[in-house]
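So the structure is just underneath, and the comments pick up after that.
The values are calculated or read from the model by the stated rules, or taken from the named source; none is laboratory data. This structure is a prediction, so every number in the text was calculated from the model and none was measured. Every residue, glycine among them, receives a Cβ derived from its backbone with ideal geometry; neighbour counts consider all protein chains shown.
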Amino acid sequence: MRIGIGYDIHRLEEGRRLVLGGVEIPSPVGLAGHSDADAVLHAIADAVLGAAALGDIGDHFPNNCSRWCNADSATILEAVLKMAAARQLKVCNVDVNVVAEWPKLGPRKGQIRANVASLLGLPPDRVSIKARTAEGLGPVGRREAIEVHAVVLMEEVTPQ
Ligand code: MG
C-alpha cells in the first residue's frame, strides 16, 4: 500500500466557470487558472503522483505549456492514472476536503462524488467528498479562493 497527499488552491474570479470534480457548478464566480482550474481533480492527481513518487502536477503539466490552457482536468487525471498504472499502482480509495466559503457545495457533493468515482474507475463507496467553510478566516474565508486537500491510498497490483 502507498499513500499520497495532494493540495490545491485557486483564486475565485468573476466570469470564470466553477468546475469541481469535473462537475460544473452554477456560480457567479469561478476558479482562475491555466486549465479549467478544477482544484478537486488537481489535488487528487497530485495525491496519485505523490503515492507513486512520480513528482508533482507542475512537473508533468507545466502552466506555461499551451497544451494545457483551458484543458479539461479529467484528461490530466487520466494521464496521471496511466503513469501510476505503468508502475503497477491502482487507487483503492480517495478522501477529499473542499474548503469553500461560497457557493454552497453541500447540494453538489453527491454529483461530484459520482463523477470522481467514475473518473477513477471506482465504486462511489471508495470516494469521499467533504465540504466545509473556513469560518470566515483567511483568503478562503474572504471568498477569494477555494482550497482542496486530498489523500489517496494506492495498492501495488501484480501484472497479469
Ligand atoms: Mg490547480
Margin query: Being within 24 Å of Ala114 (Cα to Cα), away from the ligand (no atom under 13 Å from the Cβ) and β-branched (Val, Ile, Thr) is true for just one of Ile5, Ile44. Which residue is that?
Written below: Ile5
Note to self: So, restricting to helices (runs of 4 or more DSSP H) that lie completely within region 57-160, which ones have at least 1 residues that are hydroxyl-bearing (Ser, Thr, Tyr)?
What the structure shows: 73-86, 109-120
Check: Take the residues of region 69-107 that are buried (at least 20 other Cβ atoms within 10 Å of the Cβ) and over 17 Å from Gly6 (Cβ atoms): which is modelled with the lowest pLDDT?
Finding: Leu105
Notebook entry, point to check: For region 127-146, what are the residues that are under 13 Å from Val96 (Cα atoms) and exposed (fewer than 15 other Cβ atoms within 10 Å of the Cβ)?
Noted result: Lys130, Arg132
Note to self: Quick check on Ala37: is it within 13 Å of the ligand (Cβ to nearest atom), modelled with pLDDT under 95, aliphatic (A, V, I, L, M) and under 23 Å from Gly138 (Cβ atoms)?
What the structure shows: yes
Check: What number goes with the only condition from (1) hydrophobic (A, V, I, L, M, F, W, C); (2) in contact with a helix residue (DSSP H, G or I) (Cβ under 8 Å, 6 or more places away or on another chain); (3) not in a helix (DSSP H, G or I) that Ala53 does not pass?
Finding: (2)
Next item on the list: Mind counting the residues in region 5-22 that are more than 11 Å from the chain's Cα centre (by Cα), buried (at least 18 other Cβ atoms within 10 Å of the Cβ) and in a strand (DSSP E or B)?
Entry: 2
